[in-house]
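Below you'll find the structure, written out as structure tokens, and then a few comments.
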Amino acid sequence: MVYFSQEELIIRDMKYEDAQAITDAEIEQGWDASVEKYLKRLDDQKCGKAISLVAEYAHKPVGYINIYPDSPWGAFGGKGYPEIVDFGVLEKYQKHGIGAALMNTAEKIASEYADTVYLGVGLHSGYGSAQRMYVKRGYIPDGSGVWYNDEICKPHGECKNDDDLVLYFSKKLR
């Protein structure tokens with residue numbers, strides 16, 4: 001299904017062949033990438049648990065985002081709120097509105113399920129631009145504190161500044 005189309009940019013359902021193309025492009029630009037992540041999201045989409053989208057620019061997959069309409073994870077898990085998971089745009093396609101188009105589409109889809117959407121964002125410097133973007137889009141911290149390995153990190157508890165150290169943000173959609 002196509003959700004957005006403007007000039008050379010299309011936001012559509014992700015296909016299995018996109019998974020390898022995106023993985024190869026991420027590895028080429030030096031990211032730690034694995035096709036399994038995308039195959040998991042596609043399997044969840046097939047089972048009706050997720051909506052997996054790809055941004056196609058000039059007939060190439062260049063970005064992705066996933067919406068879990070009733071996510072079981074994180075600060076709002078199991079409460080009927082959609083979660084945005086695994087959002088990215090290949091580096092050479094960033095700063096061209098592709099990420100904004102993906103987020104706008106994901107938020108529109110999420111608004112069909114609830115009035116609030118949430119997401120977790122990593123805390124290390126590699127997530128700096130994402131942290132700023134979410135705040136600019138109106139996302140606010142949920143107040144539960146830092147999470148590590150899908151659990152709230154207790155004060156003075158052990159954690160590691162890796163991709164599993166996140167802060168959850170939410171946004172009212174309507």
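Peptides 125-132, 62-69, 82-89, 19-26: what's the order by average Cβ count within 10 Å, highest mean first? Before the final figure, lay out the partial values.
Numbers: 125-132: 12.8, 62-69: 23.4, 82-89: 21.0, 19-26: 17.9.
Listed from highest to lowest mean packing, they are 62-69, 82-89, 19-26, 125-132.
The string of couplings for the stretch 75-85 from the Karplus curve (6.51, -1.76, 1.60, θ = phi - 60°) is 4, 10, x, x, 9, x, 9, x, 10, 8, 10 Hz, one whole number per residue in order, with x for Gly and Pro.
Under 5 Å between amide hydrogens, built in the peptide plane, is the criterion, and for Val146 it picks out Cys153 among residues at least 5 positions away or on other chains. Per-residue Karplus couplings for the stretch 105-122, computed as 6.51 cos²θ - 1.76 cosθ + 1.60 with θ equal to phi - 60°, are listed in order as 5, 4, 5, 5, 4, 4, 5, 6, 10, 6, 8, 9, 10, 9, 7, x, 10, x Hz, Gly and Pro entered as x.
Around Met1, what is the net charge, scoring Lys/Arg as +1 and Asp/Glu as -1 over all other residues with Cβ under 9 Å from its Cβ?
Values: positive: Arg12; negative: Asp13.
Cβ neighbours under 9 Å give a net charge of 0.
Computed over the Cα atoms, what is the radius of gyration of the chain divided by 2.2 N^0.38 Å, N being its residue count? Can you show the working numbers first?
Working: Rg = 15.6 Å, N = 174, 2.2 N^0.38 = 15.6 Å.
Against the empirical 2.2 N^0.38 Å value, I get 1.00 for the chain.
Report the extension gain between Ser5 and Lys108 in nm, rounded to one decimal, defined as 0.36 nm multiplied by the number of residues separating them, less their alpha carbon distance. Spell out each step's value before the answer.
Numbers: separation 103, 0.36 × 103 = 37.08 nm, distance 1.46 nm.
Using 0.36 nm per residue and subtracting the Cα-Cα distance, I get 35.6 nm.
Amide H to amide H distances under 5 Å link Leu173 with Thr116, Val117, where only residues 5 or more positions off or on other chains count and H is placed in the peptide plane. For Ala50, the residues 5 or more places off, or on other chains, whose built amide H falls under 5 Å of its own are Gln45. For Thr23, the shell of other residues with beta-carbons less than 10 Å away shows a net charge of -4, using +1 for Lys and Arg and -1 for Asp and Glu. Computed 3J(HN,Hα) for the stretch 14-20, one whole-Hz value per residue from the Karplus formula 6.51 cos²θ - 1.76 cosθ + 1.60 where θ = phi - 60°, is 6, 10, 4, 5, 5, 4, 6, glycine and proline marked x. Each 5 Å bin from zero holds the following percent of Cα-Cα pairs in the stretch 129-172: 5, 22, 27, 22, 16, 7, 1.
A short reminder: the numbers here are calculations on the coordinates, not readings from a lab. Note that the structure is a prediction, hence the values are computed from the model and not measured. Glycine gets a Cβ as well: all are built from the backbone with ideal geometry, and neighbour counts include every protein chain shown.
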